[in-house]
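This report concerns only the one structure given below.
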Amino acid sequence: MLNPIYATTILFTSLRTSSSSSSTTFLLLYPYTTFFARTHRKKLHKLPTFDDAVSSFNHFLSLRHPPPIQEFNKLLTTIAKLKRYTTVVSLYSKLELNTTIKPSLITMSILINGFSQLGQMGFAFSVVGKLIKRGFELDVKTLTTLMKGLCLKGRVLEALSLLDDSVSRGFRFDEVCYGTIINGLCKIGKTKTAIEMFPKMKKIRVYPNLIMYNTVIDGFCKQGLVDEACGLCSEMVANGIGLDIYSYNSVIHGLCSVGRFRAAAELLDEMAVRRKIYPDVYTFNILIDGLCKVGLVTEARNVVAVMIKRGWNPDVVSYNALMNGYCLCGGVDEAKRVFDKMVGRGCLPNVISYCTLINGYCKVKMVDEAMMLLMEMHKKNLVPDTVTYNCLLDGLSKSGRTLYEWDLVEAMRASGQPADLITYNVLLDDYFKHGKLDKALGLFQHIIEIGILPNIRTYNILLDGLCKSGRLKYAKEIFQLLSAKECQSNIRTYNIMINGLCKEGFLDEAETLLYKMVDNNCLPNYITFDTIVRALLVK
């Protein structure tokens, strides 16, 4: 694919340094579309629908004397505004086949936007090449479109380089362009680079607006840099830009994420009392979720009470957060009461509601209740995710149920939820526990064949199963290969092998492995020493 910065540098050699001209300004849509026939014209009201626009475009193309390119541009613009970019590209291809119609700068700019929105930046830059060859000049809008397309593909640093290169060649960009780059940088975690854009903008008299500040504040908060976010809020106010609900929500979320709940509560109070900006359901949900994640469920319930007192009804997100909080503390019965209360108040549970409760039941080994909820989900056409199925499988296994008697993996496939490594690890462990050695080895081979890379937990399950089934020789061979597979042995791995060696009477090898363990900065624990001491006493 053509490098956009390199391509644009080549293209700029044939450009003037002026930022825009009247010839490159996009035309506004007329309030009606004009149909051209062979001998007469007929006015029609503005086309409101996608099908009408496509039909009219094809009708124009079929005419012996088609209308001017402006009429095609209006239709392509209408279709682009409906976000049907694939159709824009398809119709442009038809247009190019008609030798009597010459695409204009606007036509090609619409096409560049279509490719950019589809993420097909190679094609977008190839259209830029055609545009230059035909004698057109690039303008700020086209360059902004290219940068937006690069940002949509996550190629934000390339977009930033294109911006810098364009500015050095005399182009001046507006808030839309800088806002696009700032948003892209924050999305890839380059928030500090985004804030460095502000002084550059001010030099050309483009000033950060509320949306830009909110984007950077949110970026800082997501990275845990809450103090920097608060500093930026102060800068906003100093520059005469008032904080809005989004500014406060971002900072409150950031404070909750780092456990500063008192500061979050104080900010909530300032927001409502001093600034007269009243919290919404999202604001309260941030606090509820943050408190529940650190086990402060009682405090979270108090927030719900305040929320209701201020006239806001808890939504499914509020209830899900509370349920998750109770489940994390082992209070699955209380979580179920929250679930029932939610239903009683006419708030429909979603997939997350069911999955949260199923996971809670599985953690306390109440798998029958979890399976009943799974059945209820299927009746309501709600599809459990892979995490929920994994939790069910783990819960069944830990409760002593034999997983091969359950068709959960088949149910996963039927519902379009792919089994992942966690799924296979649970199944592998269960097969070994129930003495199904052939099934276990066959499953391990299957994992390799479908391209899933085993992790150290997979190998620990395999090594432990082999040692306990008297296959120490194979376990030793696999253990020796771990370093070659770039899978770092941990304390559990060493303890499994030392226990296997001790049980078979290979105490010297166990002692050698103990020294190797220390050399590899994996310090023995009480299980390691207990295993060796017991073996020595038996000897």
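The values are calculated or read from the model by the stated rules, or taken from the named source; none is laboratory data. Being a predicted model, the structure only gives us computed values, none of them experimental. Quick reminder, even Gly has a Cβ in these numbers, built from the backbone with ideal geometry, and neighbours come from all protein chains shown. We work out accessible area using only protein heavy atoms, side chains counted, and drop any ligands, DNA or RNA first. Shrake-Rupley method; radii C 1.70, N 1.55, O 1.52, S 1.80 Å.
Residue count for the range 184-214 under the criterion of being buried (at least 23 other Cβ atoms within 10 Å of the Cβ) and hydroxyl-bearing (Ser, Thr, Tyr): the result is 2. In the range 118-159, which residue that is hydroxyl-bearing (Ser, Thr, Tyr) and more than 27 Å from the chain's Cα centre (by Cα) is nearest to Gly170 (Cα to Cα)? Looking at the filtered set, the residue picked out is Thr142. Scanning the range 372-405 for residues that are among the charged types (D, E, K, R), over 26 Å from the mean Cα position of the chain (by Cα) and either within 15 Å of Ser353 (Cβ to Cβ) or loosely packed, with under 13 Cβ neighbours inside 10 Å (or both) turns up Glu376, Lys379, Lys380, Glu405.
Taking the range 101-117, which residues are among the hydrophobic types (A, V, I, L, M, F, W, C), assigned to a helix (DSSP H, G or I) and over 24 Å from the mean Cα position of the chain (by Cα)? Matches in the range 101-117: Leu105, Ile106, Met108, Ile110, Leu111, Ile112.
Pairing each residue of the range 220-242 that is open to solvent by 70 Å² or more (accessible area, probe 1.4 Å) with any residue that is of a type in the set (Ser, Thr, Tyr), provided the two are 6+ apart or on different chains, yields C-beta distances under 9 Å for Lys222/Thr191; Lys222/Ser250; Lys222/Ser257; Gln223/Thr191; Glu228/Thr191; Asn239/Tyr207; Asn239/Tyr213. The set of residues in the range 397-455 being at pLDDT below 90 and touching a Pro at 6+ places or on another chain (Cβ under 8 Å) consists of Met412, Ser415, Gln417. In the range 437-459, which residues are of a type in the set (S, T, N, Q) and under 22 Å from Arg492 (Cα atoms)? Within the range 437-459, Asn455, Thr458 meet the criteria.
Note on the range 472-524: residues that are outside any helix (DSSP H, G or I) and among the basic types (Lys, Arg) total 1.
Can you pull out every residue in the range 279-313 that is assigned to a helix (DSSP H, G or I) and more than 23 Å from Ala335 (Cβ to Cβ)? Scanning the range 279-313 gives Thr283, Lys309.
Filtering the range 490-539 to residues that are touching a Cys at 6+ places or on another chain (Cβ under 7 Å) and either surrounded by fewer than 16 Cβ atoms within 10 Å (Cβ to Cβ) or farther than 17 Å from Arg471 by Cα (or both) leaves Asn490, Ile491, Thr531, Ile532, Ala535.
If you filter the range 252-303 down to residues that are among the small types (Gly, Ala, Ser) and touching a residue at least 12 places away in the same chain (Cβ under 8 Å), you find that the one that is farthest from Gly231 (Cα to Cα) is Gly295.
Restricting attention to the range 244-278, the residues that are closer than 25 Å to Arg310 by Cα, under 24 Å from the mean Cα position of the chain (by Cα) and part of a loop (DSSP other than H, G, I, E, B) add up to 1.
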